[in-house]
Amino acid sequence: MLFKKSKKIDDGRSIYVKKSRMQEIWHQFQKNKGAVVGLVMLIIIIGIAIVSGFVFDYKEDICARHAATRLIRPCLEHPFGTDQMGRSVLARVLYGTRYSLLIGIVVVGVSTGIGTMLGSIAGYYGGKVETVIMRIVEIFMMIPNILLGIIFVAAFGISLTNLMLALGLSTVPHFARTARSSVMTVRGNEYVEAAKAMGVSDFKIIFTHVLPNALSAILVQATTRVASAIISAATFSFIGLGVPSPTPEWGAMLSDARQNMRDYPHLVIFPGLAIMVTVLAINLVGDGLRDALDPKLKR
């Protein structure tokens with residue numbers, strides 16, 4: 001059990017009090033130096049996403065074409081160079097942080113919400129309800145995520161909204177299985193049986209008694225899935241089924257740079273590094289949360 005030292009009492013003795021759950025999680029998280037580095041990186045990335053909306057003008061700095069400054073290699077005036085339309089790669093990479101983080105958060109929000117609800121119902125009720133839900137989930141798991149996303153985008157059109165919905169729905173089965181397993185481990189506990197005996201509705205039991213005690217695995221998976229969503233979005237944009245041009249999404253920037261990447265490698269280096277650094281930061285934080293939330297991994 002973790003304790004923290006309190007202030008000395010009147011007779012000079014020191015007493016120790018139990019740390020709160022959040023303090024304990026933070027204490028365990030800090031032990032993972034890589035996770036702390038990832039958290040710092042993620043805070044900087046989020047800060048860039050917020051500030052870039054005030055620093056750059058979307059129409060002028062991000063979308064406008066400037067023929068006089070086409071394909072300039074990195075220099076003092078343009079640290080990341082310019083693209084085939086004369087637009088600053090630095091401005092587009094920094095501004096693109098907003099779209100990549102938005103995609104990751106929305107995708108995970110959609111998949112977590114739907115998947116957790118389905119998995120919780122299946123894990124709590126069991127029997128035929130569980131069989132029907134999990135068989136449907138397994139059918140969708142048999143279809144590769146990218147194929148399911150391509151079908152959705154091809155059917156409803158290419159847009160940022162459709163891309164996020166496609167990626168979110170394609171990852172629902174993973175959260176459904178995780179939520180089901182987590183709920184099954186706590187549904188037989190005494191407090192759940194006591195709530196049933198008191199006449200509490202099943203809906204309230206699931207969302208106020210069962211899920212709060214099964215959120216650790218769901219939270220860890222949600223964190224790591226943000227990184228996967230960013231990579232998947234970049235993949236879709238690269239093959240022309242993601243965010244349409246001139247939106248400065250990193251995958252779309254890589255797609256636009258394909259024709260000039262041999263002569264002007266800066267067009268792919270900087271968006272690629274942005275994806276790599278962001279995914280690395282999120283994965284490091286996810287690893288730290290896993291170690292902090294899973295008692296079996298605590299040292």
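The set of residues in segment 47-76 being out of contact with any helix residue (DSSP H, G or I) (no Cβ under 7 Å at 6 or more places or on another chain) and assigned to a helix (DSSP H, G or I) consists of G47, I50, V51, F54, V55, Y58, K59, E60, C63, A67, A68, T69.
Each residue in segment 79-98 was checked for being surrounded by 23 or more Cβ atoms within 10 Å (Cβ to Cβ) and out of contact with any helix residue (DSSP H, G or I) (no Cβ under 8 Å at 6 or more places or on another chain), and 0 of them qualify.
Every test in (1) surrounded by 20 or more Cβ atoms within 10 Å (Cβ to Cβ); (2) within 22 Å of F140 (Cβ to Cβ) is passed by V210 save one, and that test is (2). Would you confirm whether any residue within segment 77-89 is over 25 Å from I239 (Cα atoms), outside any helix (DSSP H, G or I), modelled with pLDDT under 90 and not acidic (D, E)? Yes; the residues of segment 77-89 include at least one that is over 25 Å from I239 (Cα atoms), outside any helix (DSSP H, G or I), modelled with pLDDT under 90 and not acidic (D, E).
Helices (runs of 4 or more DSSP H) fully within segment 202-299 that include at least 1 residues being more than 29 Å from H27 (Cα to Cα) and over 23 Å from the mean Cα position of the chain (by Cα): 202-205, 250-256, 266-293. Only one entry in R92, R65 is of a type in the set (K, R) and at pLDDT 90 or above, namely R92. When residues in segment 261-278 are screened for being crowded, with 20+ Cβ neighbours inside 10 Å and over 13 Å from V89 (Cα atoms), 2 of them pass.
Scan segment 114-130 residue by residue and report those that are in contact with a Gly (Cβ under 9 Å, 6 or more places away or on another chain) and not β-branched (V, I, T). It would help to see each step written out before you state the result.
Of all residues in segment 114-130, those in contact with a Gly (Cβ under 9 Å, 6 or more places away or on another chain) come to 114, 130.
Within segment 114-130, just E130 meets the criteria.
Determine whether segment 219-239 contains at least one residue that is farther than 30 Å from V40 by Cα, at pLDDT below 85 and surrounded by fewer than 19 Cβ atoms within 10 Å (Cβ to Cβ). Checked segment 219-239: at least one residue is farther than 30 Å from V40 by Cα, at pLDDT below 85 and surrounded by fewer than 19 Cβ atoms within 10 Å (Cβ to Cβ).
Taking first residues from segment 23-41 that are closer than 19 Å to I275 by Cα and partners that are aliphatic (A, V, I, L, M) and part of a helix (DSSP H, G or I), the Cβ contacts under 6 Å between residues at least 6 apart in sequence or on separate chains come to G34/L284; A35/L284; A35/V285; G38/A281; G38/L284; G38/V285; L39/V285; M41/A281.
The values are calculated or read from the model by the stated rules, or taken from the named source; none is laboratory data. Predicted model, so just to flag it, every value in this text is computed and none were measured. So basically every Cβ, Gly included, is an ideal-geometry build from the backbone, and we count neighbours across all protein chains shown.
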